[in-house]
1. Answer rounded, prolate or oblate for the stretch 80-125, using the Cα gyration tensor with square roots of eigenvalues a ≥ b ≥ c: rounded when a/c is under 1.5, else prolate when a/b is larger than b/c, else oblate.
2. Summing +1 for each Lys or Arg and -1 for each Asp or Glu, what net charge is found among the other residues whose Cβ lies under 15 Å from the Cβ of ASP20?
3. Using alpha carbons only, how many angstrom separate the centre of the stretch 58-118 from the centre of the stretch 8-40?
4. Just tell me which lysines come within less than 28 Å, Cα to Cα, of LYS8; anything on the same chain fewer than 8 places away is out.
5. Take ILE126, ILE45 and order them by how many other Cβ atoms sit within 10 Å, fewest up front.
6. Within 10 Å, count the other beta carbons around each residue, average over each peptide in 50-56, 18-24, 165-171, 187-193, and list them highest first.
7. Where does the chain land on Rg/Rh, using Cα atoms and the Kirkwood Rh?
8. Let me check against my output: what whole-number percent is the relative contact order of the chain, with C-alpha pairs under 8 Å and at least 6 apart?
Amino acid sequence: MIDSIFGKLVKKSPTAAIVDVGGIRFELNISVPAYDRLPKTGAEIDLLTYLHVREDILKLYAFVEEDERKLFLLLIAITGIGPRSAMTILSGTNPKDFKNRIIAGDVKSLTNVPGIGPKTAKRIIIELKEKFVNFEDDENLDYLSEVQSPYFNDAILALMSLGYKRHQCQRALKELEKDGQLAGGLEMVLKKALAKM
């Protein structure tokens, strides 16, 4: 795979960028947020890439941030979502907000993202929710691997769906865990956590 491309930005549009690398010009498919972060034409640029290979086509997709590429790769691994659809989704949201919607299981807000209908939203949640909560390299979710309680992760998600921030949920549940109170079933854990919020 071509991991990244470094060269001079020759041309850009909300969906594509042309980059000159030693006289060879590559057309890179990009998202709208990536376009907003590109420098002026003529400037040097370093973009992360993904090469999509089919029998009849080779297409390069480019990303300004690693988080965007990670989300793109997760999306195209889902049945029914190809690279073009994934870029449409990335153009209508940002990786952090998208992860939060999936973790919260928020079908309604996901359908507000261009390219996602109710069925696709449910499929995305089923496919990606567990992966997101288990991302050890995601600093916003690293606390999920720190505890053994079967209720901890579910409680975090339930509290977030009520509108609480991750750090608030984390603090309350860690206090309960420290006091040995993460027992008695999820409903009981949630009541105890809410009392600490």
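1. It comes out oblate by the Cα gyration axes.
2. +2
3. One Cα centre to the other: 20 Å.
4. Answer for LYS8, where 28 Å is the Cα cut-off: LYS40, LYS59, LYS70, listed by chain and number.
5. ILE126, ILE45
6. So the order, starting with the most tightly packed, is 187-193, 165-171, 18-24, 50-56.
7. 1.08
8. It comes to 12 percent, rounded to a whole number.
No lab work stands behind these numbers, since they all come straight from the coordinates. Since the structure is predicted, the reported quantities are computational estimates derived from the model, not experimental observations. As a convention, Cβ positions derive from the backbone with ideal geometry for all residues, glycine included, and neighbour counts pool all protein chains shown.
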